[in-house]
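What follows is a single structure, written as structure tokens, with notes after it.
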Amino acid sequence: MDSPYTPQKAHKFTFGLWTLGNPGRDPFGEPTRKGYSPVEMVEALADTGAYGVNFHDNDLVPFGSSAQEQDRIVSEFKQALQRTGIAVPMATTNLFSQPVFKDGAFTSNDPGVRAFAYQKVLRSMDLGKEFGAETYVFWGGREGAEVDASKEADVAVSRMRDAINFFVEYSEDQGYGYKFALEAKPNEPRGDIYLPTTGAMLGFIATLDKPHLVGVNPEVAHEQISGLNFYHAVAQAFDAGKLFHIDLNGQKPGRFDQDLRFGQEDAKNAFFLVRLLEGKGYNGPRHFDAHALRTSDHADVLAFAKGCMRSYLILKEKAAQFDADPEVREIFAQIHAGDAGLESYLTGFTKDKATALKSRAFDPAALAAKPLPYERLDQRVFDILMGVA
Ligand code: GLT
Ligand code: MN
Ligand code: MN
């Protein structure tokens, strides 16, 4: 019988072709293994219960391929998807690997580079639609600077706006119906990347022509590099109705982009994240944007992929256990207690409510005296995570 940790398609676990495809290269060393090819990856994932794969244009069709090569690759890949029932829910464009994008794509000072980037995105949106992708991600890896004299940061942001507005209209004009998800990162590969956090992206989206079609794709590692609380960033995006996609992985704060297996670091933050996603009704893909360690061989890469999904499902079970735990419920009852009659004063301004609040006599000392046993509560989180009943 399947255990609760066995992935099912309904869990909507997805992986980028660049994840299992990663050959174990890093800035200091050569590849250590042969990465999974797109077809190999689809076949390997199909046996694990994963739902889908996502890709950049050039993960599937190498940069510079002829139209004939593209047709052959696309048709082989489509056959693999049909054989296995693996879906392609998201697509994106590689605007960072080629030398032409060394100083940015949409934010380049050169209109020729920007126009080439637009062409690449338009073609890549067509490619994604061929596979039924519904979400289109933008990660502006090279949209940044090391030398601030080289580009004006406000001009860079307005060029980003022009680009996203253009692609939203293209999607509408073609009847593609994409939803767009913007992914922030504070640095790497640039010294500083524009729009560095999920919060910055949310502010930017409000300035677009059709903000309802654009949300965010927060990544665990990218917020934690900045030392931010990923669970908080995702909660804000969810509250705003903007959590269109999510990149799950593991990361120690303050380091280079590690893209570790989901759950490998900071199990407590991952726990609150999974509790949010599962408890509040997020229904998009659970996408793993992570790489196996450089020490992994081909078989261990598959163990890494299974581990991402298993850890997610273990945390899902732990979240349910936490919410049903009698001691947790008792503490919740205590810390959420208060004068419920006041709630109606706290939403929906009226003159009467303001007047009543201004004249009401409060007892701040009594309010401050209520016990908040957060040591006990957090110990309970720890015990449950460690499997100590
Ligand atoms: C790249 C990056 C990821 C992005 C991918 C989508 S590309 O691997 O490190 O965080 O999500 O463009
Ligand atoms: Mn990512
Ligand atoms: Mn990353």
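List of remarks:
- Flag if Ser311 is away from ligand 1 (no atom under 16 Å from the Cβ) and surrounded by fewer than 19 Cβ atoms within 10 Å (Cβ to Cβ): no
- Residue match in region 106-113 (condition: part of a helix (DSSP H, G or I), within 16 Å of ligand 1 (Cβ to nearest atom), on the phi < 0 side of the Ramachandran plot and among the aliphatic types (A, V, I, L, M)): no
- Being hydroxyl-bearing (Ser, Thr, Tyr) and within 16 Å of ligand 2 (Cβ to nearest atom) is not true of Thr32.
- Restricting region 136-156 to residues that are touching a helix residue (DSSP H, G or I) at 6+ places or on another chain (Cβ under 8 Å) and farther than 19 Å from Pro218 by Cβ, the residue that is nearest to ligand 1 (Cβ to nearest atom): Arg142
- Arg294 vs. criteria more than 14 Å from the chain's Cα centre (by Cα), modelled with pLDDT of 95 or more and not aliphatic (A, V, I, L, M): yes
- Residues (of a type in the set (A, V, I, L, M, F, W, C) and either touching a Lys or Arg at 6+ places or on another chain (Cβ under 9 Å) or within 15 Å of Ala145 (Cα to Cα) (or both)) located in region 185-200: Ile193, Leu195
- Gln251 vs. criteria within 14 Å of ligand 2 (Cβ to nearest atom) and surrounded by fewer than 20 Cβ atoms within 10 Å (Cβ to Cβ): no
- Condition check for Phe288: under 30 Å from Glu183 (Cα atoms), of a type in the set (Phe, Trp, Tyr), in contact (Cβ under 8 Å) with a residue 24 or more places away in the chain and out of contact with any Phe, Trp or Tyr (no Cβ under 8 Å at 6 or more places or on another chain): no
- Cβ-Cβ contacts under 6 Å between residues 6 or more apart (or on different chains), taken from a first residue in region 2-13 that is of a type in the set (Lys, Arg) to a second residue that is at pLDDT 95 or above, are listed as Lys9/Tyr51; Lys12/Tyr51; Lys12/Pro285; Lys12/Arg286.
The values are calculated or read from the model by the stated rules, or taken from the named source; none is laboratory data. No experiment lies behind these values; they were computed from the predicted model shown. Virtual Cβ from ideal backbone geometry, glycine too; neighbours counted across all protein chains shown.
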